[in-house]
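Here's the structure, in structure tokens; my notes come after.
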Amino acid sequence: MSDSISVFIPCNIPTVTAQQKGALVRNGHIRFFKKKKVQKSEDTFHALLYPHRPREPFSGPVCLCIGFVFPWRKSEAKRIINAYSVYPVVTRPDLSNLVKTIEDVMTTLRFWEDDGQVSALSISKNYGDEPGIRLSVTKDLARSKNGHVVSCL
């Protein structure tokens with residue numbers, strides 16, 4: 001098994017997150033459910049990530065690096081588009097909620113046994129010329145006291 005996976009998946013990134021669940025009260029009990037939009041978002045991530053899953057799940061601690069690149073907004077100033085290849089996104093979806101959705105899908109696809117194995121995480125969301133998801137999963141290495149072995153971050 002390889003010690004890492006690194007891919008760029010060109011796509012329009014789903015913006016619905018798992019935190020947008022529905023709730024209803026029936027017989028005095030609250031029932032939570034996935035809204036159709038949330039299920040569709042998870043299905044899209046599943047389809048995008050499925051071809052890149054490892055043959056065997058990673059064991060031990062892993063480092064997860066994810067870069068989300070959204071297409072430029074039509075309202076974006078031309079001077080910004082011409083000056084930058086990527087530019088930070090400061091609007092919804094919330095980055096932490098977006099990464100939780102993709103982590104859950106990666107757990108379902110058995111990139112690892114449990115998302116608790118993610119010991120290092122680097123995430124970003126930007127506007128850019130090439131919309132998609134840049135994804136890297138690497139075995140996270142311990143550091144020796146003298147600093148010779150470096151973690152993935």
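So here's what we get for this one:
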{"quantity": "Odd one out for residue 117 among (1) polar (S, T, N, Q); (2) buried (at least 16 other Cβ atoms within 10 Å of the Cβ); (3) closer than 21 Å to residue 47 by Cβ", "calculated": "(3)"}
{"quantity": "Of all residues making up segment 66-95, the number that are among the small types (Gly, Ala, Ser) and under 19 Å from residue 133 (Cβ atoms)", "calculated": "2"}
{"quantity": "Any pair with Cβ under 6 angstrom, 6 or more apart, that starts in segment 85-98 at a residue that is under 9 Å from residue 15 (Cα atoms) and ends at one that is not small (Gly, Ala, Ser)", "calculated": "93/15; 93/17; 98/17"}
{"quantity": "Residue check for residue 116: closer than 24 Å to residue 15 by Cβ, of a type in the set (Gly, Ala, Ser), at pLDDT 90 or above and outside any loop (DSSP other than H, G, I, E, B)", "calculated": "no"}
{"quantity": "Enumeration of residues in segment 75-106 that are under 21 Å from residue 16 (Cβ atoms) and among the basic types (Lys, Arg)", "calculated": "92, 100"}
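The values are calculated or read from the model by the stated rules, or taken from the named source; none is laboratory data. No experiment lies behind these values; they were computed from the predicted model shown. We place every Cβ from the backbone using ideal geometry, glycine too, and count neighbours over all the protein chains shown.
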